[in-house]
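A short write-up of the structure that comes next.
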Amino acid sequence: MAKGDPGVPARGRRAAPRSRKATAGEPELVQLLTPEGERVESYTGRDGTEYRVDFTDEEYRGLYRDLVLVRKLDAEATALQRQGELGLWASLLGQEAAQVGSGRALRTQDMAFPTYREHGVLYCRGIDPIMPLGLFRGVDQGGWDPNEFKFNMYTIVIGAQTLHATGYAMGVSMDGRTGTEDGEAVIAYFGDGATSQGDVNEAFVWASVFNAPLVFFCQNNQYAISEPLERQTRVPLYQRAAGFGFPGVRVDGNDVLASYAVTRAALDNARLGQGPTLIEAYTYRMGAHTTSDDPTRYRIASEVEAWQAKDPIARMKAFLTKQQLADDAFFTEVDEQARRESVHLRERVLAMPNPEPSTLFDNVYPNGSPLLDEQRAQFSRYLESFEGSAH
Ligand SMILES: Cc1ncc(C[n+]2csc(CCOP(=O)(O)OP(=O)(O)O)c2C)c(N)n1
Ligand SMILES: [Mg+2]
C-alpha cells in the first residue's frame with residue numbers, strides 16, 4: 001500500500017474502510033468512493049476480479065485538481081458558445097470522473113479513440129485544451145497530432161470510432177506489441193446511444209474473435225440527445241459483452257477512483273493479450289446534449305437534482321476533507337488555477353485567426369485531386385464576386 005494511503009489508519013484518520021462484493025441478483029456497480037465521499041477499500045466483482053487503487057496523498061489531490069480544471073474549462077467553452085464565439089459545444093458536465101479516471105489509467109503507449117465529448121480524456125493525454133475549441137469554432141480540424149498524443153481526432157459519426165479502434169488494436173497485436181506488461185492497449189469511447197449502432201456491434205464481434213487489445217469504454221449518461229436509455233436496451237449495457245464473448249463490467253462513472261481502477265485493470269488485461277473488455281461507466285449528462293439542445297423538453301428537474309447529489313467533484317472533495325488530505329487553502333488554490341486557465345483559454349479563443357476560406361480544400365487528399373482543384377477554383381470565383389460589394 002502506498003505511503004499515506006487513507007486505508008492505513010493514522011492519527012486523525014478514520015479506520016480502514018470496508019471492502020465490498022457484487023450482490024447476487026443485482027447489476028454490478030464497482031464503487032470505491034460513495035456519493036458521500038466514503039472510501040470503499042476494494043470491490044470484488046462477480047467474476048472474482050478485485051478492484052482497488054493505491055494512490056499517494058499527492059495523487060488523490062491531483063485527481064481532484066484534474067476534475068475541477070476539466071469542469072471549469074468546459075464551462076468556459078459553453079459560455080464562449082453562448083457569446084457566439086463557438087459554433088457549438090458538447091459539454092461533459094457530470095462526466096468528469098469517468099473521463100479523468102479512465103484517462104489517467106491510460107499508459108503513455110496506449111491509444112485512445114474519442115467521440116466529440118472526451119475533453120477530459122484529451123486533457124489527461126496532455127493536449128492543450130484550446131485544441132477542440134478550434135474545431136468547434138470552425139477554424140481548424142482539431143489541430144493535435146493523434147500519433148504524438150496517442151489520442152485520435154474527435155469523431156462525430158456515432159460509433160464509427162469503435163471500428164477504427166478495433167482495426168488499430170488488431171494491428172497492435174499483429175505487430176506483436178502485446179503480451180508483456182509494457183505492451184500496448186487501445187481504448188474506444190462511445191455513448192449509450194451508440195450501442196444501438198451497427199458499427200459498435202460489428203466492432204464487438206471483430207474485437208472478440210481477433211482477441212484485440214481493446215477496452216470499449218461506454219459512458220452511459222442515460223441519454224442519446226432526447227432518447228432515454230430504455231429506448232436503447234432491455235438489459236444493463238455491460239451485460240451485452242457476454243453475448244459477444246468477452247467480459248463486461250459496470251462502474252460508477254461518477255467515482256473517479258473506481259473509473260481508474262476498472263479501466264487500468266481492463267487495459268492491463270488487453271496489453272497482456274487477454275482480449276477486449278466492455279466497461280459501462282454509469283453516469284449522467286448534467287447539462288444539455290450540446291448547446292443546440294434544450295433538455296427541459298424531455299426530462300424532469302427532479303431527475304437532474306437526484307444526480308447532482310452524486311456529483312463526482314463534490315464526493316472527491318468530501319473524501320479529501322474527511323481524510324484530512326486537503327485543506328481550504330488547497331481548494332482555494334485549485335479554484336484559482338482553474339479560473340486563471342479558463343481566462344487564458346478565453347483570451348486565446350478570441351485571438352484565433354480566421355483561416356483563409358480556400359484552406360477548406362487542403363488536406364482532403366494527400367496529393368489533391370482534379371475535382372477538388374475545380375471546386376477550389378469555383379469557390380474562389382464565388383468569393384471574388386463579393387469584392388467591392390457591401391457584403
Ligand atoms: C451515425 C450518426 N447518426 C446520428 C447522429 C446524430 N447524433 C449526434 S449525437 C447523437 C446521440 C448520441 O448519443 P450517445 O451515443 O448516448 O452519446 P452522448 O452524446 O450521450 O455522449 C446522435 C443520434 C450522428 N452524429 N451520427
Ligand atoms: Mg448518451
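Where a number appears in this text, it was derived from the coordinates with a stated rule and is not lab data. Because the structure is a prediction, the values reported are computed rather than measured. Please note: Cβ atoms are built from the backbone with ideal geometry, for glycine as well, and neighbour counts cover all protein chains shown.
Numbers at a glance
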item	result
FRET efficiency, Leu360 to Glu148 (Cβ-Cβ, R0 35 Å, nearest 0.05)	0.90
Low-density loop cleavage sites - trypsin sites (Lys or Arg not before Pro) in region 138-240, where at most 13 other Cβ are within 10 Å (DSSP)	Arg234
Rounded to the nearest 20 debye, dipole of the chain from Cβ charges on Lys, Arg, Asp, Glu	1060
Residue (of Phe113, Ser226, Phe151) at the positive-pole extreme of region 102-239, dipole from beta-carbon charges	Ser226
Expected 222 nm ellipticity per residue - DSSP helices of 4 or more, -39500 (n - 2.57), all of the chain, to 500	-12500 deg cm²/dmol
Listed residue (Gln274, Thr263, Ala314) projecting farthest to the positive dipole end of region 228-315, Cβ model	Gln274
Electrostatic dipole magnitude of region 55-178 [Cβ: Lys, Arg +1; Asp, Glu -1; Cα centre; debye, to 20]	200
Residue order, fewest to most surrounding Cβ atoms within 10 angstrom, among Val256, Val68	Val68, Val256
Karplus-derived 3J(HN,Hα), 6.51/-1.76/1.60, for each residue of region 242-250, Hz, glycine and proline x	4, x, 9, x, 9, x, x, 9, 9
Length gained when the stretch Val343-Glu374 is fully extended (0.36 nm per residue, less Cα-Cα span)	6.9 nm
Gln83 versus Leu272: modelled label distance in nm, points set 7 Å from Cα along the beta carbon direction	5.0
Degrees separating the helix 198-209 axis from the principal Cα axis of the chain, which is the longest one	50
Least to most buried among Ser102, Ser369, Ser342 (fewest other Cβ within 10 Å first)	Ser369, Ser342, Ser102
Local net charge near Met131, Cβ-Cβ under 13 Å (Lys/Arg +1, Asp/Glu -1)	-2
For the chain, with +1 on Lys and Arg beta carbons and -1 on Asp and Glu, the positive-most of Gly138, Pro366, Phe330 along the dipole	Phe330
The chain: relative contact order in percent, alpha carbon pairs under 8 Å with at least 6 residues between	22
Förster radius 51 Å - calculated FRET efficiency between Asn367 and Asn201 (Cβ-Cβ, nearest 0.05)	0.90
Alpha-carbon centroid distance for the pair region 105-126 / region 270-315, whole angstrom	17
Using a Förster distance of 51 Å, the FRET efficiency for Ala306-Thr108 (Cβ separation, nearest 0.05)	0.85
Dipole in debye (nearest 20) - region 245-289, about Cα centre, beta carbon charges: Lys, Arg +1; Asp, Glu -1	100
Helix 57-82 axis, angle to the chain major axis (alpha carbon atoms, nearest 10°)	30
Cα shape, region 299-341, gyration tensor, a/c 1.5 rule	oblate
The chain: angle of helix 96-105 to the longest principal axis, Cα-based, in degrees nearest 10	80
